[in-house]
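The next block holds one structure in the form of structure tokens; read it before the comments.
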Amino acid sequence: MSKITLFHIDDHLLFSQGVSSLLKGAPHFEWLGEANDPESGKTQVIQIQPDIVLLDYFLPGKNGIELGKEISGFSPRSKLVLLTMEKNHTIIQQAKEAGFYGFIPKSAERDVLLNTLLNVAAGEKIFPQTKVQDIEENPGLSKFKQLSKREKEIALMVVQGFTSVEIAEKLFLSLLTVNTHRRNLIQKLGFKNVAQLSAFLNQIYKY
């Protein structure tokens, strides 16, 4: 039986090396390599056509779901799995809609990681259940849906505790642009300050 080939794209080198160590010693899997930036990762995936591609959500210049869509156009046989800290229903739903086969939180234990990858390789789609009822009943949701893609991305990073400087570095934006987006978020959603915005976003992105 041929082994399941894997490739990992994550800009956190130490984490990627840790995943590599876990999977290299596991039966059924063959580790083909890792990349720390989106373009290098996409190029390598196109060349080697792995069975499964693991992607982080936050990557330099674009998120893992956007990158996954690009990869699927060149390597349709590769099954995409989001391996990330960003555990919220919005990202999980986006991954499903983009054709991903699974979602694994970075906090998952080794057995969960291995079993999920085995099931994905067999053609199953593995996603956690999310609690969306509170979100659907939230009157601010209609306003949130009207935000631009970039505004939603920055909103998520605000919830995760990133500062404006960190957001600017991560998304390759100027600090002025990030601060403008943050002000726009407050105005568009009808809040008076960052505290109200943060409370609302925590409701939107919670499980």
Check your understanding: Top mean-square fluctuation among ASN63, ASN184, ASN88, Gaussian network model of the chain, C-alpha springs under 10 Å?
Key -> ASN184
**Study point:** Spacing of the two label points (7 Å from each Cα toward its C-beta) at THR43 and LYS192, in nm
**Key:** 5.3 nm
Review point. For the cross-link pairs LYS106/LYS152; LYS62/LYS106; LYS106/LYS188; LYS3/LYS62; LYS79/LYS145, which exceed 24 Å when the distance is taken from alpha carbon to alpha carbon?
Key: LYS106/LYS188; LYS3/LYS62; LYS79/LYS145
Practice item. Divide by every residue of the chain the summed helix terms, -39500 (n - 2.57) for each DSSP H run of at least 4, and state the resulting mean residue ellipticity at 222 nm, rounded to the nearest 500 deg cm²/dmol. Key: -15500 deg cm²/dmol
Practice item. Provide the convex hull volume over Cα atoms per residue for segment 54-112, in Å³. Key: 82 Å³
Study note, to complete from the structure: Note on segment 1-58: the mean projected area of its alpha-carbon convex hull, in nm², is 3.8 nm²
**Study point:** Point-charge dipole on Cβ atoms (K/R +1, D/E -1) for segment 4-121, about Cα centre, debye to 20
**Key:** 240 debye
Study note, to complete from the structure: With the convex hull built on the alpha-carbon atoms of segment 4-121, volume per residue in Å³ sits at 87 Å³
Check your understanding: If you build a Gaussian network model of the chain, linking Cα atoms that sit under 10 Å apart, which residue out of LYS79, LYS192, LYS24 swings the most?
Key -> LYS192
Check your understanding: Out of LEU32, LEU117, LEU22, any idea which swings most in a Gaussian network model of the chain, alpha carbons joined below 10 Å?
Key -> LEU22
Practice item. Once every Cα of the chain carries one equal point scatterer and solvent is ignored, give the base-10 log of I(q)/I(0) from the Debye formula at q = 0.14 Å⁻¹, two decimals. Key: -0.85
Review point. Taking the Cα centre of the chain as origin and charging only Cβ (+1 Lys, Arg; -1 Asp, Glu), how large is the dipole, in debye to the nearest 20?
Key: 600 debye
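Bear in mind these aren't lab numbers, they're just calculated from the coordinates by the rules spelled out. Source: prediction; values computed, not measured. Backbone-built Cβ (ideal geometry, glycine too); neighbour counts: all protein chains shown.
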